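Peer 1: Encoded as structure tokens, here's the structure I'll be asking about.
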Number of protein chains: 2
Amino acid sequence: MTGLTGVAATPSTRATIVDVARAAQVSRQTVSNVLNRPDKVAAPTLERVRAEIARLGFTPHVTAQQLRRRKAAAFGFEVNPSGHGKMGHILDEFLVQLTVAAPDHGSHLMVFAPDAEDVIEGYRQTLATGLVDGFVLADTRRGDPRPQWLLDHDVPFVSFGRVWDLPDLHQWVDVDGGAGVRQGVAHLVEAGYDRIGFLGWPSGSPVGDDRRSGWLAGLADAGRSDPDEAEAEESVQDLDQATAAAERLLARLGPGSAVVCASDMLALGAVRAARNAGLALGPDVGVVGFDDTDVAEALSVTSIRQPIAEAARTAWQMLLSPRSTEPVLLTPELTVRSSSTRTPHPPRTATDPDTTGTAHGRRKDTP
Amino acid sequence: MTGLTGVAATPSTRATIVDVARAAQVSRQTVSNVLNRPDKVAAPTLERVRAEIARLGFTPHVTAQQLRRRKAAAFGFEVNPSGHGKMGHILDEFLVQLTVAAPDHGSHLMVFAPDAEDVIEGYRQTLATGLVDGFVLADTRRGDPRPQWLLDHDVPFVSFGRVWDLPDLHQWVDVDGGAGVRQGVAHLVEAGYDRIGFLGWPSGSPVGDDRRSGWLAGLADAGRSDPDEAEAEESVQDLDQATAAAERLLARLGPGSAVVCASDMLALGAVRAARNAGLALGPDVGVVGFDDTDVAEALSVTSIRQPIAEAARTAWQMLLSPRSTEPVLLTPELTVRSSSTRTPHPPRTATDPDTTGTAHGRRKDTP
DNA sequence: CTGAAAGCGCTTACAG
DNA sequence: CTGAAAGCGCTTACAG
């Protein structure tokens with residue numbers, strides 16, 4: 001292959017734009033034009049250059065492009081060690097989906113872990129290296145300093161999750177948790193459960209309150225408005241406390257009822273509470289969780305799943321066509337499992353009730 | 001701040017090495033020397049330049065450094081959408097820990113998702129962009145084409161997980177699963193369980209066979225050599241099959257015995273089998289899982305935890321000082337929970353037996 | 001110890 | 001439509 005035609009002198013070195021130019025008998029600017037403004041190149045030249053590009057396996061050196069264009073075509077994504085160990089790997093999945101979708105937008109993703117003591121400094125430095133043009137934010141919360149800082153410094157960004165502090169900012173995509181819970185209620189009504197309670201987090205968190213409002217909306221849809229306080233309980237994200245809260249709730253609701261939960265952790269508490277009360281999961285009591293985690297899957301608990309891949313694609317779009325002024329709210333889907341199925345249960349000898357439903361089918365419900 | 005001293009003309013633009021040079025009244029080469037060979041710069045000059053660097057908040061433009069040094073100081077990490085949904089997010093955690101440790105090695109991490117149809121092409125292209133110098137591999141399996149290709153093309157890499165096909169290649173760090181299971185057996189012996197069985201995967205997979213051998217070694221340690229076939233069962237990574245296999249195994253082992261499992265999924269099967277047999281988890285039957293997933297934590301199952309952060313740090317070291325010829329095998333630790341505690345259980349009325357142990361303490365056992 | 005020169009691989013106006 | 005020129009921000013020998 002290494003002939004007189006001008007293949008790179010050092011074969012181990014990758015082909016450069018100059019190698020292609022020599023091989024195709026054009027200047028290197030023309031090669032660049034073939035790459036970046038093919039419409040400005042005559043057809044025969046175009047073809048010849050492209051053939052050489054293919055033959056040499058030439059891929060532009062992105063680092064050089066970045067420097068020259070003064071644009072990295074890359075975005076930073078913060079990764080957080082403390083986020084691990086807690087149930088639900090939504091952000092891990094989001095990172096993966098962001099990576100998968102990156103090439104479709106001519107971009108790539110750089111992960112970084114800012115010092116927890118000074119997160120903003122981590123963003124500042126990452127930006128200053130020129131390795132990224134902006135950021136994809138996730139896990140935004142009240143009082144989050146990042147959005148304002150990015151705004152102040154004219155740094156492009158998009159957020160996965162509403163930017164609570166800045167109502168005028170529309171560069172976010174989020175999942176409509178309330179709509180998800182509402183679907184869950186509709187599903188449980190349809191499945192034939194009598195009373196449908198809610199096991200949520202203590203009020204005050206925007207996400208939790210949103211999910212709770214979905215429960216109320218679902219009841220209203222079904223003509224079961226105005227539930228009294230007895231039909232809801234709350235617990236922090238802790239299994240023992242969730243179990244205790246669920247026990248209180250189930251005791252008040254009675255058999256034949258169901259519980260929609262603000263998280264799979266809470267749902268697991270409901271599962272245990274049902275078991276402790278001697279109730280079969282599904283037939284005697286329905287449970288729906290949130291986030292469709294491994295735990296929900298393993299225990300065959302119906303759960304509300306966030307459309308993460310779609311969120312990632314939307315994030316890229318917002319980032320790269322920043323004139324779309326509207327935020328996007330995606331609707332989650334229900335993954336239906338045996339915890340919300342009222343089929344009569346087999347004798348309790350050898351088979352565990354909540355193992356029976358092996359049909360892990362997915363179903364999209366619209367409220 | 002923008003004075004006559006030569007701060008960047010366009011304030012919105014970040015400071016460059018030239019701005020620092022002007023401000024400190026030296027040439028830009030000297031600034032570069034301050035950054036890269038401080039020993040070659042006179043003390044007063046050094047101090048003056050550094051002061052200006054701090055004042056201007058100058059951070060070198062990494063893209064320019066990459067181009068000039070012909071070195072990205074970055075490594076690629078493949079991310080895989082199909083790896084999700086299955087229990088255990090070891091690789092997600094590895095990615096995070098790799099990112100956390102990156103700055104300590106003057107590097108950063110670029111994630112990419114190669115086309116599943118042609119993974120090698122994804123690696124080739126990523127490398128050709130000049131954005132990375134090499135790769136961190138994970139999830140290596142028999143017949144994996146990546147290590148050989150990287151070797152053939154002189155691309156630096158390290159693998160998290162043994163490179164099974166290339167015994168002469170030592171650039172890997174892995175976790176000694178066998179040693180982990182052995183610890184699990186020792187722990188169960190100490191906890192007072194009578195017979196200790198093994199619930200593993202069908203033989204033939206290197207990882208699974210390794211874990212099984214740890215069980216045998218643990219029994220030998222305890223002077224309980226030569227278990228007969230009745231003390232082991234196998235199942236694929238599926239909950240229903242695992243439950244069935246565990247039921248057969250528990251029936252043969254009898255109460256007061258324990259089961260070490262090759263995964264948390266299998267351990268969950270054992271938990272259900274115990275429950276179906278009316279046995280209390282912990283007091284009546286001990287269970288130890290593998291990987292310390294969310295599911296193990298949620299169900300209070302003792303599990304063997306891989307030291308992922310240490311694996312990540314080791315990977316960086318191997319990558320950046322490639323003369324360390326020896327592979328590294330790390331020993332996992334046991335996270336002890338109530339599923340392997342033989343304390344007498346409270347009455348089975350309101351409290352679920354496997355919820356009692358709220359002490360999620362960690363303990364490092366060495367065989 | 002400090003500064004002038006060359007160049008990493010590419011792109012972007014700008015002439016011809 | 002094609003090519004000569006300039007330059008992105010930095011580093012690395014190499015003279016002084």
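The values are calculated or read from the model by the stated rules, or taken from the named source; none is laboratory data. Keep in mind it's a predicted model, so treat the numbers as computed, not measured. Here the Cβ positions follow ideal geometry from the backbone for every residue, glycine too, while neighbour counts run over all protein chains shown. For accessibility, only protein heavy atoms count, side chains too; no ligands or nucleic acids. Shrake-Rupley method; radii C 1.70, N 1.55, O 1.52, S 1.80 Å.
Peer 1: Mind telling me which of B:HIS61, B:HIS89, B:HIS108 comes out most flexible in a GNM of chain B, alpha-carbon contacts under 10 Å?
Peer 2: Result: B:HIS61 has the largest fluctuation of those listed.
Peer 1: For chain A, which whole percent of the accessible surface, found with a 1.4 angstrom probe, sits on carbon and sulfur atoms?
Peer 2: In chain A, the share of accessible area belonging to carbon and sulfur is 51 percent.
Peer 1: Residue separation times 0.36 nm, minus the C-alpha to C-alpha distance between A:ALA51 and A:ARG252: what's the value? Let's see the in-between values first.
Peer 2: Numbers: separation 201, 0.36 × 201 = 72.36 nm, distance 7.49 nm.
Stretched out fully, the A:ALA51 to A:ARG252 stretch lengthens by 64.9 nm.
Peer 1: Hey, another quick one. Using protein heavy atoms only (no ligands, DNA or RNA), what is the total accessible area buried between B and A, 1.4 Å probe, nearest 100 Å²?
Peer 2: That pair of chains buries around 5000 Å² in total.
Peer 1: Follow-up. Let me know the shape class of region A:122-254, please: from the alpha-carbon gyration tensor, a ≥ b ≥ c as square roots of the eigenvalues, rounded when a/c is under 1.5, otherwise prolate if a/b is greater than b/c, or oblate.
Peer 2: Numbers: a/c = 3.40, a/b = 2.41, b/c = 1.41.
Cα axes put region A:122-254 in the prolate bin.
Peer 1: Right, something else. Report, please, the projected area of the protein assembly as shown averaged over directions, based on the convex hull of its C-alpha atoms, in nm².
Peer 2: It is 37.3 nm².
Peer 1: Another question about this same structure. Could you tell me the largest-minus-smallest coordinate of the C-alpha atoms of region A:194-253 on each of the three principal axes, in descending order and whole angstroms?
Peer 2: Computed over the Cα atoms, the extents are 33, 28, 13 Å.
Peer 1: Could you work out the per residue convex hull volume over the alpha carbons of region A:17-60, in cubic angstrom?
Peer 2: For region A:17-60, the hull spanned by Cα atoms encloses 56 Å³ per residue.
Peer 1: Which residue, B:GLY178, B:GLY278, B:GLY134, tops the fluctuation ranking in a GNM of chain B built on C-alpha contacts under 10 Å?
Peer 2: Checking each option, the largest mean-square fluctuation is seen for B:GLY278.
Peer 1: Whole-Hz Karplus ³J(HN,Hα) for region A:171-183, in order, using 6.51 cos²θ - 1.76 cosθ + 1.60 and θ = phi - 60°, x for Gly and Pro?
Peer 2: 7, 9, 10, 9, 10, 7, x, x, 4, x, 5, 4, 4
Peer 1: While we're here: What spacing in nm lies between the two simple spin-label points modelled at A:ASP115 and B:SER213, each 7 Å away from Cα in the Cβ direction?
Peer 2: Result for the modelled spin labels: 4.5 nm.
Peer 1: Then there's this: With a ≥ b ≥ c the root eigenvalues of the C-alpha gyration tensor of region B:72-169, is it rounded (a/c under 1.5), prolate (a/b larger than b/c) or oblate?
Peer 2: Judged from the Cα gyration tensor, region B:72-169 comes out rounded (a/c under 1.5).
Peer 1: Now, a different point. If you put +1 on each Lys and Arg Cβ and -1 on each Asp and Glu Cβ, how big is the dipole of the protein assembly as shown around its Cα centre, in Debye rounded to 20?
Peer 2: Magnitude of the dipole: close to 2780 debye.
Peer 1: Using a probe radius of 1.4 Å on heavy atoms only, what accessible surface per residue do you get for chain A? Whole Å² is fine.
Peer 2: 44
Peer 1: Report D for chain A in µm² per second (integer): Stokes-Einstein, Kirkwood Rh on Cα pairs, 10 °C, 1.306 mPa s.
Peer 2: In µm²/s, the coefficient is 67.
Peer 1: Under the convention of a label 7 Å out along Cα→Cβ, give the distances in nm from B:PRO206 to the same position in every other copy, shortest first.
Peer 2: Result for B:PRO206, in nm, nearest copy first: 4.8.
Peer 1: Another question about this same structure. Work out which residues of region A:92-114 lose at minimum 20 square angstrom of accessible surface when the other protein chains are put back, relative to the chain isolated, with a 1.4 angstrom probe, and list them by number.
Peer 2: A:ASP92, A:GLU93, A:LEU95, A:VAL96, A:THR99, A:VAL100, A:HIS108, A:LEU109, A:MET110, A:VAL111, A:ALA113
Peer 1: Next question, about the same structure. Inter-copy label distances at A:HIS153, 7 Å along the Cα→beta-carbon direction, one decimal in nm, shortest first?
Peer 2: 3.4
Peer 1: Using a 1.4 Å probe on the heavy atoms of the protein chains only, list every residue of region A:130-155 that has 40 Å² or more less accessible area in the complete assembly than in its chain alone.
Peer 2: Residues of region A:130-155 that lose at least 40 Å² of accessible area once the other chains are added: A:LEU131.
Peer 1: Taking Cα centroids, how far is region A:180-197 from region B:90-157 in Å?
Peer 2: 46
Peer 1: Another question, if that's okay. Quick one: which residues, 5+ away or cross-chain, put their amide H under 5 Å from the amide H of B:ILE196? H built at 1.01 Å from N.
Peer 2: The list, which skips near neighbours in sequence, is B:ALA258.
Peer 1: Next question, about the same structure. Output, in nm with one decimal and in ascending order, the distances from the B:PRO227 label point to the matching label points of the other copies (7 Å from Cα along Cα-to-Cβ).
Peer 2: From this label point to the equivalent ones elsewhere in the assembly: 4.7 nm.
Peer 1: Additional query: Could I have the simple spin-label model distance between A:LYS71 and B:ALA309, label points 7 Å from Cα toward Cβ, reported in nm to one decimal?
Peer 2: Output for this residue pair reads 4.0 nm.
Peer 1: For the protein assembly as shown, what does -39500 (n - 2.57) per DSSP helix run (n ≥ 4), summed and divided by total residues, give at 222 nm, in deg cm²/dmol to the nearest 500?
Peer 2: Rounded to the nearest 500, the figure is -12000 deg cm²/dmol.
Peer 1: Right, here's the next one. Given the rotation that superposes chain B on chain A, what residue of B brings its beta carbon nearest the axis, and what is the distance in Å?
Peer 2: Nearest residue, distance rounded to whole Å: B:ASP92, 2.
Peer 1: Next up: Just to verify a number: FRET efficiency for B:ARG224 and B:GLU326, C-beta to C-beta distance, R0 = 25 Å, to 0.05? Working shown, then result.
Peer 2: Values: r = 33 Å, r/R0 = 1.33.
Taking R0 as 25 Å, the efficiency between B:ARG224 and B:GLU326 is 0.15.
Peer 1: Also: In a GNM of chain A with a 10 Å cut-off on Cα contacts, which of A:ALA258, A:ALA74, A:ALA54 has the highest mean-square fluctuation?
Peer 2: A:ALA54
Peer 1: Could you tell me how many degrees, from 0 to 90 and to the nearest 10, lie between the Cα long axis of helix A:308-320 and the main elongation axis, the longest principal axis, of the Cα atoms of chain A?
Peer 2: 40
Peer 1: Compute the long axis of helix A:239-253 from its Cα atoms, compare it with the longest principal axis of the Cα atoms of chain A, and write down the angle in degrees, 0 to 90, nearest 10.
Peer 2: Result, in degrees: 50.
Peer 1: Out of A:ALA101, A:SER340, A:PRO283, whose Cα points farthest toward the positive end of the dipole of chain A (charges: +1 Lys, Arg; -1 Asp, Glu; placed on Cβ)?
Peer 2: Farthest towards the positive pole: A:ALA101.
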